[in-house]
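The values are calculated or read from the model by the stated rules, or taken from the named source; none is laboratory data. Note that the coordinates shown come from a computational prediction; the quantities given were computed from them, not determined experimentally. FYI the Cβ positions are ideal-geometry reconstructions off the backbone, even for glycines, and counts take in every protein chain you see.
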Amino acid sequence: MSQPVTAETVRADAARHLGIGAEQLVPGVLLGEDLGLDSLAGIELSMSLEERYGINITDDELSEVTTYGHLEQLVLAKVAAS
């Protein structure tokens, strides 16, 4: 990727995928309860971020993610490790 990956770029990409405003993606927002994501929508979001950033998020890792902040941290850690 030519542009550095930051919390802001991850937030913008996730918001675009979900069709919501980036301002809704604050660290404590619950993906299921607050945003209404079911498991399929969570997988689709994960796959979108994996493709965008060239990372792999395992099913076990994804199953532990409950908040947007956790997802953002996971993506940033995966990018940093790649």
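Things to note:
- Here is the figure for region 54-76: residues that are of a type in the set (D, E, K, R), closer than 13 Å to L31 by Cβ and in contact (Cβ under 8 Å) with a residue 12 or more places away in the chain total 1.
- Residues in region 36-53 that are closer than 11 Å to T66 by Cβ and over 11 Å from the mean Cα position of the chain (by Cα): L37 alone.
- Of residues in region 57-82 being hydrophobic (A, V, I, L, M, F, W, C) and within 12 Å of S46 (Cβ to Cβ), the one nearest to the chain's Cα centre (by Cα): L71
- All positions within region 24-53 that are in contact (Cβ under 8 Å) with a residue 24 or more places away in the chain, among the small types (G, A, S) and over 18 Å from A7 (Cβ atoms): G32
- Residue in region 4-15 that is modelled with the lowest pLDDT, counting only those that are of a type outside the set (D, E) and exposed (fewer than 13 other Cβ atoms within 10 Å of the Cβ): P4
- Qualifying residue in region 52-68 (condition: in contact with a Gly (Cβ under 8 Å, 6 or more places away or on another chain), loosely packed, with under 13 Cβ neighbours inside 10 Å and not polar (S, T, N, Q)): no
- Condition check for I20: without any contact (Cβ under 8 Å) to a residue 60 or more places away in the chain, within 19 Å of S82 (Cβ to Cβ) and not in a helix (DSSP H, G or I): no
For every residue, the table says whether it meets (1) in a helix (DSSP H, G or I); (2) of a type in the set (D, E); (3) at pLDDT 95 or above; (4) touching a strand residue (DSSP E or B) at 6+ places or on another chain (Cβ under 8 Å).
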position	(1), (2), (3), (4)
S2	no, no, no, no
D34	no, yes, no, no
E44	yes, yes, no, no
R52	yes, no, no, no
